[in-house]
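The structure appears below as structure tokens.
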Amino acid sequence: MLLTAAQLVEKTENLLSLPDVYVRVNALLDDPTSHADDLTEVISVDPALSVKLLKMVNSPVYGLRGKVDSISRAISVVGFNELRSLVLATVAVGKFKSIKSELVDMPAFWHHSVYTGIAAQQLARHINMLHSERVFLAGLLHDVGRLVLYSQLPDVVQSLLTRSAQEQRPMFELEQEVLGFTHADVGAELFDRWGLPDGLQMSARWHHSPAAASSHNLEVALVHIANNIAGRVEPGANVNCVSAGIQGSAWELTGLSEAVVDEVLSETDDRFFEVLAVIEPQALMVY
């Protein structure tokens, strides 16, 4: 008997539990009596996290004019809310590196994830959406359920990958047909267990079917469009295999159209390698 999406996540929870530093930072951010000095102290004792955070703050994702060279400065520049997203992006990528599966080309996976994140952010900027960095994070993490699913059910997924190629059908459709849930459901269940914002959960669960989202519809629609745009530039081993295309409802909700795609591709290309070097430097070695 196959597991449900929730049971699959529960089975993998120990492997994917968030590190203590994120839990401590999150608790401080939720504490109205905490101060920037408290956050600086917690983050600074983790040198790897500190370096990654500074690299991220100075990347094109934030587009800041001056160089940020300290954790305290980073906190003052981006603010408490964005700090949460920054720390999450940094620690989450590290956690997902621990998932192993011969079915996933990891450099290609991170190529797709980073490209989707940047494209989503650029789309958000085209509609003057505030705090477009949050959409970057939603795009970056939209497919993490794929890693969990592929690592825990490799034989089933291998069969589905073969069918996807033979029948030219998207993997998420075959996952739903055979498993009763998709990698998108797995990602959303994981984010729910982590207590992450609803926007991230919605974007993970509905990035293939944005019209079905019950909330955060604009964010979901942007990630959906970005996911499909990223699929047009996939290198070598395509982690998505077959795309179902962009739904008309996503264009309607965002007020955008296919006319924006070429511009977004150009804007994303300009930023892509610099951001990829921050998120996953090893992925640069094959491109």
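The values are calculated or read from the model by the stated rules, or taken from the named source; none is laboratory data. Because the structure is a prediction, the values reported are computed rather than measured. Positions of Cβ are generated from backbone atoms using ideal geometry, with glycine treated the same way; all protein chains shown enter the neighbour counts.
Here are the numbers for the structure shown:
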quantity	calculated
Residue selected from the range 103-128 under the condition in contact with a helix residue (DSSP H, G or I) (Cβ under 7 Å, 6 or more places away or on another chain) and not in a helix (DSSP H, G or I), by the criterion surrounded by the most Cβ atoms within 10 Å (Cβ to Cβ)	104
Top-ranked residue in the range 10-29 [being over 20 Å from residue 49 (Cα atoms) and of a type in the set (Asp, Glu); ranked as surrounded by the most Cβ atoms within 10 Å (Cβ to Cβ)]	10
Boolean, residue 148 is among the β-branched types (Val, Ile, Thr), over 22 Å from residue 278 (Cβ atoms) and not in a loop (DSSP other than H, G, I, E, B)	yes
Index of the failed condition, residue 146 passing every other in (1) at pLDDT 95 or above; (2) within 16 Å of residue 10 (Cα to Cα)	(1)
Residue match in the range 82-99 (condition: surrounded by fewer than 22 Cβ atoms within 10 Å (Cβ to Cβ) and at pLDDT 85 or above)	no
Wholly enclosed helices (runs of 4 or more DSSP H) of the range 13-58 bearing at least 3 residues modelled with pLDDT under 90 and not hydroxyl-bearing (Ser, Thr, Tyr)	20-30, 47-57
Residues located in the range 129-145, provided they are part of a helix (DSSP H, G or I) and not small (Gly, Ala, Ser)	133, 134, 135, 136, 137, 140, 144
Selected residue (criterion: surrounded by the most Cβ atoms within 10 Å (Cβ to Cβ)) from residues of the range 191-229 that are over 18 Å from residue 134 (Cβ atoms) and touching a residue at least 60 places away in the same chain (Cβ under 8 Å)	229
Residue list for the range 97-130, filter: among the small types (Gly, Ala, Ser) and either over 18 Å from residue 153 (Cα atoms) or within 15 Å of the chain's Cα centre (by Cα) (or both)	108, 113, 117, 119, 120, 124
Checking residue 169 against (1) basic (Lys, Arg); (2) closer than 21 Å to residue 230 by Cα; (3) in contact with a Leu (Cβ under 8 Å, 6 or more places away or on another chain), the condition it does not meet	(3)
The range 162-178 - residue that is in contact with a helix residue (DSSP H, G or I) (Cβ under 7 Å, 6 or more places away or on another chain) and of a type in the set (A, V, I, L, M) and, of those, nearest to residue 104 (Cα to Cα)	171
Within the range 182-226, tally of residues that are at pLDDT 95 or above, more than 23 Å from residue 157 (Cα to Cα) and touching a His at 6+ places or on another chain (Cβ under 6 Å)	3
Residue 45 vs. criteria surrounded by 14 or more Cβ atoms within 10 Å (Cβ to Cβ), among the hydrophobic types (A, V, I, L, M, F, W, C) and either under 28 Å from residue 146 (Cβ atoms) or touching a helix residue (DSSP H, G or I) at 6+ places or on another chain (Cβ under 9 Å) (or both)	no
Test: residue in the range 226-245 that is in a helix (DSSP H, G or I), over 22 Å from residue 106 (Cβ atoms) and not polar (S, T, N, Q)	no
Test: residue 164 is among the small types (Gly, Ala, Ser) and touching a residue at least 40 places away in the same chain (Cβ under 8 Å)	yes
